[in-house]
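Q: What follows is a structure written as structure tokens; I'll ask about it next.
Every number in this text was worked out from the coordinates using simple rules, so none of it is lab data. Keep in mind it's a predicted model, so treat the numbers as computed, not measured. Don't worry about glycine lacking a Cβ; one is built from the backbone with ideal geometry, like all the others, and counts go over all protein chains shown.
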Amino acid sequence: MKVGIANDHAAVEMKNEIVKYLASLGYEVINYGTDTNESVDYPVYGEKVANAVADHTVDLGVAICGTGVGIGLACNKVRGIRACTCSEPYSAEYSRRHNNANIITFGARVIGIETAKQIVKVFLETPFEGGRHQRRVDMITDIEKRNEAK
Ligand code: RB5
């Protein structure tokens, strides 16, 4: 499985740890930056990883900023993206099971590296359950389509 990862300046160290961790688990990781501590704008990096997920360059994405919120909001502006901001593994698991999330986001200033690793691992390992959840995810896509037409 190919995983895309992106972050702003608040999350360079956490991103580097997560990249190493994912490699140790056998994932192919594509890094969309940023890679320095120089202040950058999180929407730029959210859009990069979101586009990579949307066009199937990667299968799933990870996006990290200070809170995980800003980069998640940016990701969700790309058509077909369901980015979920999670600070614990249970929500991350159900973001896959029930919501078919395709990007997980979290905050480097909110959670520690061990929690971040647990979140990413469960997110990548958990399948979408489909069934009644597919109908609800389709309803989210319908909202996107109705609003594109405006
Ligand atoms: C950057 O200072 C910070 O605003 C950003 O990392 C993120 O938390 C935004 O949501």
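Results for (1) part of a loop (DSSP other than H, G, I, E, B); (2) of a type in the set (Asp, Glu); (3) surrounded by 18 or more Cβ atoms within 10 Å (Cβ to Cβ); (4) touching a His at 6+ places or on another chain (Cβ under 7 Å), shown as yes or no for each residue.
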position	(1), (2), (3), (4)
79	yes, no, no, no
90	no, no, no, no
114	no, yes, no, no
119	no, no, yes, no
122	no, no, yes, no
127	yes, no, no, no
130	yes, no, no, no
140	no, no, no, no
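Residue by residue, here is whether (1) touching a helix residue (DSSP H, G or I) at 6+ places or on another chain (Cβ under 9 Å); (2) free of Cβ contacts under 8 Å to residues at least 24 places away in the same chain holds:
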| residue | (1), (2) |
| --- | --- |
| 122 | yes, no |
| 133 | yes, no |
| 137 | no, no |
| 140 | no, no |
| 145 | no, yes |
| 150 | no, yes |
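Q: Out of all the residues in region 1-46, which are buried (at least 20 other Cβ atoms within 10 Å of the Cβ) and in contact with a Cys (Cβ under 9 Å, 6 or more places away or on another chain)?
A: 6, 7, 8, 10, 11, 42, 45, 46
Q: Give me the residue from region 1-13 that is closer than 17 Å to residue 75 by Cβ and within 13 Å of the ligand (Cβ to nearest atom) and, out of that set, nearest to the chain's Cα centre (by Cα).
A: By that ranking, first place goes to 6.
Q: Can you confirm whether residue 58 is part of a strand (DSSP E or B), more than 9 Å from the ligand (Cβ to nearest atom) and not aromatic (Phe, Trp, Tyr)?
A: The answer is no for residue 58.
Q: Looking at region 99-115, can you tell me whether even one residue there is touching a residue at least 12 places away in the same chain (Cβ under 8 Å), farther than 16 Å from residue 64 by Cβ and of a type outside the set (Ser, Thr, Tyr)?
A: There is at least one residue in region 99-115 that is touching a residue at least 12 places away in the same chain (Cβ under 8 Å), farther than 16 Å from residue 64 by Cβ and of a type outside the set (Ser, Thr, Tyr).
Q: Would you check if residue 103 is among the β-branched types (Val, Ile, Thr), touching a strand residue (DSSP E or B) at 6+ places or on another chain (Cβ under 6 Å) and surrounded by 16 or more Cβ atoms within 10 Å (Cβ to Cβ)? If you could, list the steps in order and put the result at the bottom.
A: Working: among the β-branched types (Val, Ile, Thr): yes; touching a strand residue (DSSP E or B) at 6+ places or on another chain (Cβ under 6 Å): yes; surrounded by 16 or more Cβ atoms within 10 Å (Cβ to Cβ): yes.
Yes.
Q: Kindly provide the set of residues from region 23-48 that are of a type outside the set (Ser, Thr, Tyr), assigned to a helix (DSSP H, G or I) and within 17 Å of residue 108 (Cα to Cα), ordered by number. Before the answer, list the steps.
A: Within region 23-48, the first condition is being of a type outside the set (Ser, Thr, Tyr), and the residues that meet it are 23, 25-26, 28-31, 33, 35, 37-38, 40-41, 43-44, 46-48.
Keeping just the survivors that are assigned to a helix (DSSP H, G or I) gives 23, 43-44, 46-48.
Residues satisfying the conditions are 43, 46.
Q: Among the residues of region 25-43, which ones are in contact with a Phe, Trp or Tyr (Cβ under 8 Å, 6 or more places away or on another chain) and more than 11 Å from the ligand (Cβ to nearest atom)?
A: 32, 33
Q: If the requirement is being on the phi < 0 side of the Ramachandran plot, within 16 Å of the ligand (Cβ to nearest atom) and out of contact with any Ser or Thr (no Cβ under 9 Å at 6 or more places or on another chain), which of these qualifies: 113, 81, 103, 71?
A: 103
Q: Among the residues of region 1-22, write down those that are assigned to a helix (DSSP H, G or I) and either in contact (Cβ under 8 Å) with a residue 40 or more places away in the chain or of a type outside the set (A, V, I, L, M, F, W, C) (or both).
A: Across region 1-22, the qualifying residues are 9, 10, 11, 13, 14, 15, 16, 17, 18, 20, 21, 22.
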